[in-house]
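Student: Starting off with a structure, shown below.
The values are calculated or read from the model by the stated rules, or taken from the named source; none is laboratory data. Just so you know, these numbers come straight off a predicted model, no measurement behind them. Methodologically, a virtual Cβ is constructed for each residue, glycine included, from the backbone with ideal geometry; neighbour enumeration extends over all protein chains shown.
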């Protein structure tokens, strides 16, 4: 039996972990942590980890379950980490990685929490439990409790979309809809559990919940070590911590667990440094952000959340805020907030540019990344991991409106008016074809060309011509007569300045608008040369896709 202790963060009380505690028996406080023999774990991992399946349970020695016979797992964890390639190019930050938690058994990072929490319930003989949720926790717990044979009462705020409530009910949980805020829902659920003498899931105050989240840190550090190699200052540290870990937060459970995970990796010598945390909330419910900016030691609650993104609308964040505040003050990092509109915009950008469709709560983190880059908080060489915490959810009504698809009707063949099928199909397709505007991309970098083409394809309205040097570009423009030219300045044969001179000298081409997209830092003289020949100057690595589209729409009118 490995060494496993429980320890009070406030008074230092410590004893072998035999059962869950709701509070420290010495000081009565509720912030308890599990502690392990890290030297022994490092030796075991060095010998065995490479042979284990890539799930969160590969890190079994640092998870507080006493007996594997009680383990409830459905393959959670082991989610991919990959670069957001197009986003990296747009933002000029080459090391942005997505930890894709959409790929868990129920589609969110809460599956990690459910696996360990439900396993702990089973180990302690619990057969009926109560929890409060804004959606994803209830879905995950319902799936895992069904697997474990535990009856679950799920109290959900009435703001939770009906689709999520139905999914909770599908697993056989008892769904109780509470007309009120999430904090009021938690109060009702806790009182129900007390009256019926049932186990109540305490969220971040539960050791199992905090410990489950640290597996995110273990995985992404191991994955970054494989992708980028060890950090430059590494000696015997084969894994790698990012410079930034960004996650949207409600109660703050995720970053709290991730921070503990990196502390343990540092103690074992597997990484060389701790990351900076960016904890992100939505403007309509941002008690941590407002309290941090007001230099408050305790979070001032938001009593009436005003946001459509209900899954992270926790007005009273509880004990996580003082912990995260201390971590950020001592180690760097930030609390940030974004609007609902910025989150929905980020959903659009990530889906259209990198093929990653996520729920709004996950998009909140990406919207904050955009802000942090524009403000210079995230530096060009920083390694950034953004937690994509949940799957796409049917919120397209907020994004797409009613006109999100087009219809094609193939006319039927009748005796009165015979019509060949091919002709009817072509006529129908022609009705789809709005006035297609033509754009020429003159760019010698294939990656930049691909990015620009993807931006235009995502908009869906343009015919695109491409050329990879200045001479070929002029030939394309003369042949195609585009409505707009996207022009790079640094090209072989003829550079962008020479192309502009040639366009200006040709009466048939001189009025075609030009948007210059360049990575070059221009001198005042070069800017003057461009001023009367181009409509807009965009700097590579400093624009988002919708900004380019807005500029294109403005030019084309």
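Student: Just to verify a result, which residue in segment 436-469, among those that are in contact with a strand residue (DSSP E or B) (Cβ under 7 Å, 6 or more places away or on another chain), closer than 22 Å to residue 544 by Cβ and surrounded by fewer than 18 Cβ atoms within 10 Å (Cβ to Cβ), is modelled with the highest pLDDT?
Tutor: Top of the filtered list is 464.
For (1) touching a strand residue (DSSP E or B) at 6+ places or on another chain (Cβ under 6 Å); (2) closer than 29 Å to residue 385 by Cβ, each residue gets a yes or a no:
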site	(1), (2)
84	yes, yes
117	no, yes
124	no, no
133	yes, yes
146	no, no
155	yes, no
159	no, no
174	yes, no
182	yes, yes
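Table: residues versus (1) in contact with a helix residue (DSSP H, G or I) (Cβ under 6 Å, 6 or more places away or on another chain); (2) assigned to a strand (DSSP E or B).
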position: 64; (1), (2): yes, no
position: 69; (1), (2): no, no
position: 73; (1), (2): yes, no
position: 76; (1), (2): yes, no
position: 99; (1), (2): yes, yes
position: 111; (1), (2): yes, no
position: 114; (1), (2): yes, no
position: 118; (1), (2): yes, no
position: 142; (1), (2): yes, no
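Student: Next question. Are any of the residues in segment 248-258 under 22 Å from residue 42 (Cβ atoms), within 23 Å of the chain's Cα centre (by Cα) and part of a loop (DSSP other than H, G, I, E, B)?
Tutor: Checking segment 248-258: not a single residue is under 22 Å from residue 42 (Cβ atoms), within 23 Å of the chain's Cα centre (by Cα) and part of a loop (DSSP other than H, G, I, E, B).
Student: Let me ask something else. For segment 223-240, check the following and say yes or no: at least one residue is surrounded by 15 or more Cβ atoms within 10 Å (Cβ to Cβ), in contact (Cβ under 8 Å) with a residue 60 or more places away in the chain and either closer than 24 Å to residue 122 by Cα or touching a helix residue (DSSP H, G or I) at 6+ places or on another chain (Cβ under 7 Å) (or both).
Tutor: Yes, there is a match, as at least one residue in segment 223-240 is surrounded by 15 or more Cβ atoms within 10 Å (Cβ to Cβ), in contact (Cβ under 8 Å) with a residue 60 or more places away in the chain and either closer than 24 Å to residue 122 by Cα or touching a helix residue (DSSP H, G or I) at 6+ places or on another chain (Cβ under 7 Å) (or both).
Student: Taking residue 125, is it at pLDDT below 95, surrounded by fewer than 21 Cβ atoms within 10 Å (Cβ to Cβ), within 23 Å of residue 17 (Cβ to Cβ) and in contact with a helix residue (DSSP H, G or I) (Cβ under 9 Å, 6 or more places away or on another chain)?
Tutor: It is false that residue 125 is at pLDDT below 95, surrounded by fewer than 21 Cβ atoms within 10 Å (Cβ to Cβ), within 23 Å of residue 17 (Cβ to Cβ) and in contact with a helix residue (DSSP H, G or I) (Cβ under 9 Å, 6 or more places away or on another chain).
Student: Is there a residue in segment 480-494 that is in the same structural domain as residue 442 (by TED's automatic domain parsing), modelled with pLDDT of 90 or more and part of a helix (DSSP H, G or I)?
Tutor: Checked against the condition, which is being in the same structural domain as residue 442 (by TED's automatic domain parsing), modelled with pLDDT of 90 or more and part of a helix (DSSP H, G or I), segment 480-494 yields at least one hit.
Student: Kindly indicate whether any position in segment 22-30 is crowded, with 16+ Cβ neighbours inside 10 Å, modelled with pLDDT under 90, closer than 17 Å to residue 116 by Cβ and not assigned by TED's automatic domain parsing to the domain that holds residue 199.
Tutor: No - not one qualifying residue is present in segment 22-30.
Student: Here's another thing I want to ask about it. Identify all residues within segment 182-220 that are crowded, with 23+ Cβ neighbours inside 10 Å and part of a loop (DSSP other than H, G, I, E, B); write none if there are none.
Tutor: 201
Student: Within segment 315-328, count every residue that is closer than 14 Å to residue 254 by Cα and in a loop (DSSP other than H, G, I, E, B).
Tutor: 3
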